[in-house]
1. How high is the FRET efficiency from Glu139 to Leu209, r the C-beta distance, R0 25 Å, rounded to 0.05?
2. Please name whichever of Gln150, Val34, Val70 sits farthest to the positive end of the charge dipole of segment 2-161, dipole taken about the Cα centre and charges placed at Cβ: Lys and Arg +1, Asp and Glu -1.
3. Could you state the accessible area per residue of the chain in Å², with a 1.4 Å probe and every protein chain left in place?
4. Please check: in the Gaussian network model of the chain (C-alpha springs, under 10 Å), which one of Val151, Val191, Val76 has the largest mean-square fluctuation.
5. Quote the FRET efficiency, to the nearest 0.05, computed for Ile225 versus Ile192 with a Förster distance R0 of 22 Å and r equal to the Cβ-Cβ distance.
6. Going through segment 130-185, which chymotrypsin sites (Phe, Trp or Tyr not before Pro) have at most 16 other Cβ atoms within 10 Å and a DSSP loop state?
7. Order His133, His14, His106, most accessible first, counting only protein heavy atoms with a 1.4 angstrom probe.
8. Report, to the nearest whole %, how much of the accessible area of segment 121-208 belongs to carbon and sulfur atoms, 1.4 Å probe, protein only.
Amino acid sequence: MLNNVRIVLVHTSHPGNIGAVARAMKNMCLENLVLVRPAQFPSADATARASGADDLLARARCCDSLEEAVAECGLVIGASARLRSLPWPELDPHACAQRVREASAHTPVALVFGREQSGLSNDELERCHALVHIPSNPEYSSLNLAQAVQVVAYEVYRAHLDGEWQGSPPESPPCSAAEMERFFAHLEQTVIDLDFFDPANPRQLLRRLRRLFQRAQPDSNEMNILRGILSAAQDKARAANAKS
Ligand code: SAH
């Protein structure tokens, strides 16, 4: 289970935090660290704060985008210190770890943490199936980045100690984040072709659709059906436009 779990840090500004995250991960037997455009890395500060977990830093993967960092993952959970304008499915760390335990038995899983100053953007949060929020003082809810990783990683490790997940394997593998993104692009184009959606006046439609399909977590067979329906609808729209 644990080797299928990656910790993704988005645009971390302080290299010391990256080192402290590596240490928190290694304490909890997590090894896959992915950095999305860190401000400074590698760095002596990161190595110093890793205090002995610098092997994780040496193996850390750097990416240009969150999309790239989570592309193969069938479950993506974003850590958020505060609630957002559009509510998204939210888990506490214990429930998050249960989801991770189950999913990581058959797919790579990403746990995504945001910037020290501003957390994760709405666009980034919308790439997540669910959010994990560490219950904390509502007036002062933002933990230090590495401490937030520590709390979530601890729960994941506790869940791992319960043993491998014993449920039956899924009928078909869950869609990866990359497949979901291709689907969302196709869905957006289809609602435009059908004149159901005006890109000049987007409101919350695309966000709500994302939330719906992320919640449903379609598997690859279901995704083929959905993509087929979209293509058929686009063909009809094209034929109707050609006649008029
Ligand atoms: N000031 C930022 C928080 C930055 S803390 C904000 O208001 O959003 C850096 C990161 O640590 C956050 O993006 C989040 O991933 C994680 N984090 C901090 N506190 C958390 C909490 N209470 N629950 C879940 N994640 C938290």
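1. Once the sixth-power term is evaluated, E becomes 0.15.
2. Gln150
3. 51 Å²
4. Val191
5. 0.55
6. Here the sparse-neighbourhood loop sites are Tyr140.
7. I get His14, His106, His133, largest accessible area first.
8. 51 percent
The values are calculated or read from the model by the stated rules, or taken from the named source; none is laboratory data. Because the structure is a prediction, the values reported are computed rather than measured. Because the Cβ atoms are built from the backbone with ideal geometry, glycine has one as well, and the counts that use them run over all protein chains shown. Accessible surface is based on the protein model in full, side chains and every heavy atom, while ligands, DNA and RNA are left aside. Shrake-Rupley method; radii C 1.70, N 1.55, O 1.52, S 1.80 Å.
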